[in-house]
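Asks: The structure is given below, and queries will be raised subsequently.
The values are calculated or read from the model by the stated rules, or taken from the named source; none is laboratory data. Predicted model only: the values in this text are computed from it and were never measured. Don't worry about glycine lacking a Cβ; one is built from the backbone with ideal geometry, like all the others, and counts go over all protein chains shown.
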Amino acid sequence: MQNKTYLQNDRLLRVLRGLPVDKTPIWLMRQAGRYLPEYRAIRREVPDFLTLCKSPDLACEVTMQPLRRFALDAAIIFSDILTIPDAFGLGLEFIEGEGPCFKTPVQSEEAIKALPILCPDTSLRYVMDAIRVTKQALHNTIPLIGFAGSPWTIAAYMVEGKASKTFSTFRAMMYRAPELLHSLLSILTKNIIIYLQAQIDAGADSIMLFDTWGGLLGQEQYLKFSLQYMETIVAALKKTHPSIPVILFSKNGGLYLENIAASGCAGIGLDWTANIAEAKASIGSRVVLQGNLDPAVLYAHPNVIEQEVKKILQQFGAGGGHIFNLGHGIYPDINPEHVHVLIESVNNFSPQYHS
């Protein structure tokens, strides 16, 4: 099933499909979340983060919150990249100050072989229900982005058992038992494909793959253990849902942009360490570039935020092919008024680059 519903504002999809727009579209990673007081109010009403994710009406409400404040060009469904391993029954918990933790890490051949191919309409139905409810709430105003973590990133948490600066247990598996790791990545890839296809069928207009920990890898390992699996996902989605564009984001992946551009994706998310002008010169004719303001800029005075927005717009230059975003998610202690300044700056200053 293809999503062909007319949208009042389809700038994001137009850019991803290589069509002209009147100004640069903007959405923000983690645009729904802890920096908003209305989110914190809802979060106080539920026992834990996963309960919020698994309540479709609440997930919809959180998804809609930033759209009531800001003139954004897309919504992204409120969920988490670890929904799949949670559905595996690994005992996922989000611990304050520590982040995600699994009671049962996956570190053996037996544990990997025991992982099932999930049915999204049962074990992950709450995500599809949240997408359906949110699509109704959006009233065809702007597109809704669905997402998943990349196989490499999800596997990092599953093997390590928790968030980590080094993921040393996980990376040790890559060198000590590479075939075992490939087996895990293959199972995750199959599940992610089915999961994202179900999100599209539920109403997602675009898909983003978050490869948060791809930057841990050198080039040879990145191509072998991360990008090749994302390429498989992109190819599968293009076969079943050819009109739905896919954006890949590998944090600290600036060294591999040429390789990512060859993956078949429609867009590439850049973190703030990448130079967007250089990226446009090298791959801008093949893929859309998304990004890449340093999230820390949002701590600055509004005048500084405006100037930094202008810099990125100037660096990218005239023409389409750019989606404005941060180089990573909004930090939880950011002032929402500074987010408003960012969005208004893009909306005010970008039209000149599209005349």
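Asks: Being under 20 Å from Tyr35 (Cβ atoms) and touching a His at 6+ places or on another chain (Cβ under 6 Å) is the filter here; which residues of the range 274-304 pass it?
Replies: Pro295, Leu298, listed by residue number.
Asks: Answer with yes or no whether Leu342 is within 16 Å of Val288 (Cα to Cα), modelled with pLDDT of 95 or more and either of a type in the set (Val, Ile, Thr) or in a helix (DSSP H, G or I) (or both). Explain how you work it out, then say what you get.
Replies: On the way: within 16 Å of Val288 (Cα to Cα): no; modelled with pLDDT of 95 or more: yes; either of a type in the set (Val, Ile, Thr) or in a helix (DSSP H, G or I) (or both): yes.
In short, no.
Asks: What are the residues in the range 330-355 that are out of contact with any helix residue (DSSP H, G or I) (no Cβ under 7 Å at 6 or more places or on another chain) and small (Gly, Ala, Ser), if any?
Replies: If the condition is that a residue be out of contact with any helix residue (DSSP H, G or I) (no Cβ under 7 Å at 6 or more places or on another chain) and small (Gly, Ala, Ser), then Ser355 is the only one that fits.
Asks: If I ask for residues that are aromatic (Phe, Trp, Tyr) and either part of a helix (DSSP H, G or I) or in contact with a Gly (Cβ under 7 Å, 6 or more places away or on another chain) (or both), which ones from the range 1-51 would you list?
Replies: Passing the criteria: Tyr39, Phe49.
Asks: Filter the range 75-92 for residues that are more than 15 Å from the chain's Cα centre (by Cα) and either part of a loop (DSSP other than H, G, I, E, B) or at pLDDT below 95 (or both) and give the result.
Replies: Scanning the range 75-92 gives Phe88, Gly89, Leu90, Gly91.
Asks: Give the residue, chosen from Leu270, Leu248, Leu223, Leu227, that is surrounded by fewer than 16 Cβ atoms within 10 Å (Cβ to Cβ), within 21 Å of Trp152 (Cα to Cα) and at pLDDT 95 or above.
Replies: Details: Leu270 fails: surrounded by fewer than 16 Cβ atoms within 10 Å (Cβ to Cβ); Leu248 fails: surrounded by fewer than 16 Cβ atoms within 10 Å (Cβ to Cβ); Leu227 fails: surrounded by fewer than 16 Cβ atoms within 10 Å (Cβ to Cβ).
Unique residue meeting the criteria: Leu223.
Asks: I'd like the residue in the range 154-188 that is buried (at least 19 other Cβ atoms within 10 Å of the Cβ) and small (Gly, Ala, Ser) and, out of all such residues, is farthest from Asp211 (Cα to Cα).
Replies: It comes out as Gly161.
Asks: So which residues in the range 153-174 are basic (Lys, Arg) and within 18 Å of Leu82 (Cα to Cα)?
Replies: Lys162, Lys165
Asks: Are any of the residues in the range 102-121 at pLDDT 95 or above, in contact with a Lys or Arg (Cβ under 9 Å, 6 or more places away or on another chain), in a strand (DSSP E or B) and farther than 30 Å from Phe70 by Cα?
Replies: yes
Asks: Name every residue in the range 100-120 that is surrounded by fewer than 13 Cβ atoms within 10 Å (Cβ to Cβ) and more than 20 Å from Ser186 (Cα to Cα), in order of residue number.
Replies: Lys103
Asks: Of the numbered conditions (1) of a type in the set (Ser, Thr, Tyr); (2) under 30 Å from Gly264 (Cβ atoms); (3) surrounded by 13 or more Cβ atoms within 10 Å (Cβ to Cβ), Tyr35 satisfies every one except a single condition; which is it?
Replies: Of everything listed in (1) of a type in the set (Ser, Thr, Tyr); (2) under 30 Å from Gly264 (Cβ atoms); (3) surrounded by 13 or more Cβ atoms within 10 Å (Cβ to Cβ), Tyr35 misses just condition (2).
Asks: So which residues in the range 36-56 are farther than 21 Å from Val339 by Cβ and over 21 Å from the mean Cα position of the chain (by Cα)?
Replies: Arg44, Glu45, Val46, Pro47, Asp48
Asks: Please state which one of Phe94, Phe78, Phe88 is surrounded by fewer than 20 Cβ atoms within 10 Å (Cβ to Cβ), within 30 Å of Gln136 (Cα to Cα) and not hydroxyl-bearing (Ser, Thr, Tyr). Break it down into steps so the answer makes sense when it comes.
Replies: Numbers: Phe78 fails: surrounded by fewer than 20 Cβ atoms within 10 Å (Cβ to Cβ); Phe88 fails: surrounded by fewer than 20 Cβ atoms within 10 Å (Cβ to Cβ).
Only one candidate qualifies: Phe94.
Asks: So is Ile112 in contact with a strand residue (DSSP E or B) (Cβ under 7 Å, 6 or more places away or on another chain), among the β-branched types (Val, Ile, Thr) and in contact (Cβ under 8 Å) with a residue 12 or more places away in the chain or not?
Replies: Working: in contact with a strand residue (DSSP E or B) (Cβ under 7 Å, 6 or more places away or on another chain): no; among the β-branched types (Val, Ile, Thr): yes; in contact (Cβ under 8 Å) with a residue 12 or more places away in the chain: yes.
When the stated conditions are applied, Ile112 does not pass them.
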